[in-house]
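Novice: Pasting a structure here, questions to come.
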């Protein structure tokens, strides 16, 4: 049995078998610094997105600035994309360490060594999990049984926690590596790439990946971002995230008897679309910003929600429950906090970019408010109810 | 430094525990799917992708002249990692019928163009390197 183990062990490479001097702590610490920055921004903007979905009492998020979610969520996806080349180079630089054998014998050495390996495994696993599931989520493919939103949040904490723990363990080594010159005699004389070349490649690849995908968020990159999930186009110069057919909203939306219901306590008012168009109309330029990272500005025309609230005698600064006629999919209703309901830019929109709302954008009427995640900009609105 | 390390470690462990706590209400179906993906991505990297890169490195040292190795390695890192960063749109998965504004770009052509561009830059760089150091080989 011992012979078999020894024979297998003999065939598994050892760290010294990997000869490129470009691998190792000096490369790992520097790519780690770039990667850590991306992971940090990605984590904080992701956390922010959860706060925007359900604003906690201690952090009331208002409608200003209107572009805030557009920027934070655009950054979230962009830093996630930027992290992919960096994590691959980082893992390449430390890959030989996977083949380390325990230096000392004895239970304590095995336990300590095992714990260290387990913590690194957790870090690699959680970071790769986040990047892979995030990248798959933005193309709207869900080949798993867990809830993406909840699990992506939970594993984000595991990833950042494992990163901090890893940094705590490696801090002395990181300091030495960062203080040492990038190159030494060994790496300069190597016939492979120098450390500087590897670092430059990682940084350039990361920047290139962002450039080629960020056009879905950054308007002037639209033509350059050939790998963007969206290019910002759609039937009315805006992408569609859920069609009326997918939401099961066609029958309700095209019903000629449609009337919006306004409810404030016992007071109920019904307004047909024609009646809505006769009310004072406001036009605002506001972005749609999706959790998947894409966003685009558009010109919206409709009735201010605050004006509708006044029609039923409600304080414009009320919490409003918005219900959609969609019969399938999540977010069939949303809640407009008082700050948003009272903002004159928060509209029950009837027109988009000067045309009647397309069915896929929420015809007969939809909510559009400044600084809100796209899924909370409820489409195919059937009722607005003042929450008591 | 010791205090900073202890602080970082404690904060890190607290975050890991909190992340685990957030999954407490997941049933066995969701948890096993999460575990499968957590393990799957590591196996995919450590047992498939990384050995493949090592193998390509070994082949490169056998077929490439010394002075071209660095250029080819840099080109490969940029091309390979950018390709994996956009593998989500290249793979052809995702999207939904009737969703014309999602995944509607000619990704394969874009990738071929990227490949050609990286290859072109690498060839030019290799030629320039050869010109500057003609006796290097």
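Novice: How much of the DSSP beta bridge set in segment A:250-386 is antiparallel, as a percent to the nearest 5?
Specialist: For segment A:250-386, the DSSP antiparallel bridge percentage is about 90.
Novice: How far, in degrees from 0 to 90, does helix B:66-85 lean away from the longest principal axis of the Cα atoms of chain B, to the nearest 10?
Specialist: 40
Novice: Along each of its three principal axes, how wide is the spread of alpha-carbon positions in segment B:50-92, in whole angstrom units, largest first?
Specialist: If we take the Cα atoms of segment B:50-92, the spans are 37, 19, 13 Å.
Novice: If I stretch the segment between residue A:100 and residue A:245 completely, what's the gain in nm (0.36 nm per residue apart, minus their alpha carbon distance), one decimal?
Specialist: 46.6 nm
Novice: Same structure, new question: Give me the extension gain from residue A:204 to residue A:328: residue separation times 0.36 nm, minus the current Cα-Cα distance, reported in nm with one decimal.
Specialist: Here the segment from residue A:204 to residue A:328 would lengthen by 40.3 nm.
Novice: On a 0 to 90 degree scale, rounded to 10, what angle separates helix A:2-11 from the longest Cα axis of chain A?
Specialist: The angle comes out near 70 degrees.
Novice: Something else about it: Which length gain, in nm to one decimal place, applies between residue A:1 and residue A:311 when the Cα-Cα distance is subtracted from 0.36 nm times their residue separation?
Specialist: Taking residue A:1 through residue A:311 to full extension adds about 103.1 nm, to one decimal.
Novice: Answer rounded, prolate or oblate for chain B, using the Cα gyration tensor with square roots of eigenvalues a ≥ b ≥ c: rounded when a/c is under 1.5, else prolate when a/b is larger than b/c, else oblate.
Specialist: oblate
Novice: Ranking A:170, B:62 by Cβ neighbours within 10 Å, fewest first, what do you get?
Specialist: Final ranking by Cβ density, sparse to dense: B:62, A:170.
Novice: Once you put a point 7 Å from the Cα of residue B:100 and another 7 Å from the Cα of residue A:59, both along the Cβ direction, what distance in nm separates them?
Specialist: Taking the two extended label points, one gets 4.0 nm.
Novice: Let me ask something additional. Translational diffusion coefficient of segment A:220-314 at 20 °C, 1.002 mPa s, Stokes-Einstein with Kirkwood Rh over Cα pairs, in µm²/s as a whole number. Walk me through the numbers before you get to the answer.
Specialist: On the way: Rh = 16.4 Å.
Result for D is 131 µm²/s.
Novice: Largest first and in whole Å, give the semi-axes of segment A:251-377's equivalent ellipsoid, each being the square root of 5 times a Cα gyration tensor eigenvalue.
Specialist: That gives 20, 17, 15 Å for the three semi-axes.
Novice: Please quote Rg/Rh for the protein assembly as shown to two decimal places, taking the Kirkwood radius as Rh and restricting both calculations to Cα atoms. Spell out each step's value before the answer.
Specialist: Numbers: Rg = 27.0 Å, Rh = 25.8 Å.
Reported Rg/Rh, Kirkwood definition of Rh: 1.05.
Novice: Using a 10 Å cut-off around each Cβ, can you sort A:283, A:151 from fewest to most neighbouring Cβ atoms?
Specialist: A:283, A:151
Novice: Here's something else I'd like to know. Using only Cα atoms and rounding to the nearest 10 degrees, what angle (0 to 90) does helix A:195-211 make with the longest principal axis of chain A?
Specialist: The helix A:195-211 is inclined about 10 degrees to chain A.
Novice: On to the next question. Got a sec? Which residues in segment A:16-31 would a label at residue B:61 touch, if it sits 7 Å along Cα→Cβ and we count backbone N under 14 Å?
Specialist: Counting backbone N atoms under 14 Å from the label point, the list is A:16-23.
Novice: Return A:104, A:90, A:2 ranked ascending by Cβ neighbour count within 10 Å, so the fewest neighbours appear first.
Specialist: A:2, A:104, A:90
Novice: Please compute the volume of the convex hull spanned by the alpha-carbon atoms of segment A:2-221 and report it per residue in Å³.
Specialist: Given the Cα convex hull of segment A:2-221, per-residue volume reads 194 Å³.
Novice: Turning to a different aspect of this structure: Per the helix-only calculation at 222 nm, which mean residue ellipticity applies to the protein assembly as shown, given -39500 (n - 2.57) for every DSSP H run of n ≥ 4 and division by its residues, nearest 500 deg cm²/dmol?
Specialist: -17500 deg cm²/dmol
Novice: Mind giving me the nanometre distance, one decimal, between the label points for residue B:4 and residue B:50, set 7 Å out from Cα along Cα→Cβ?
Specialist: That separation, rounded to one decimal, is 2.8 nm.
Novice: In vacuo Debye scattering of segment A:1-52, one point per C-alpha: log10 I(q)/I(0) at q = 0.27, 0.28, 0.32 Å⁻¹?
Specialist: -0.96, -0.99, -1.07
Novice: Wrap a convex hull around the Cα atoms of segment A:17-133, take a quarter of its surface area, and give that in square nanometres.
Specialist: Its average projected convex-hull area is 10.3 nm².
Novice: What shape does segment B:11-63 take by its C-alpha gyration tensor, where a ≥ b ≥ c are the square roots of the eigenvalues and a/c under 1.5 counts as rounded, a/b above b/c as prolate, and the rest as oblate?
Specialist: oblate
Just so you know, all these numbers are worked out from the coordinates, no wet-lab data involved. Only a predicted model underlies this, so the values are computations on that prediction, with no experimental measurement involved. Ideal geometry is used to build each Cβ from the backbone, glycine not excepted, and the neighbour counts take in all protein chains shown.
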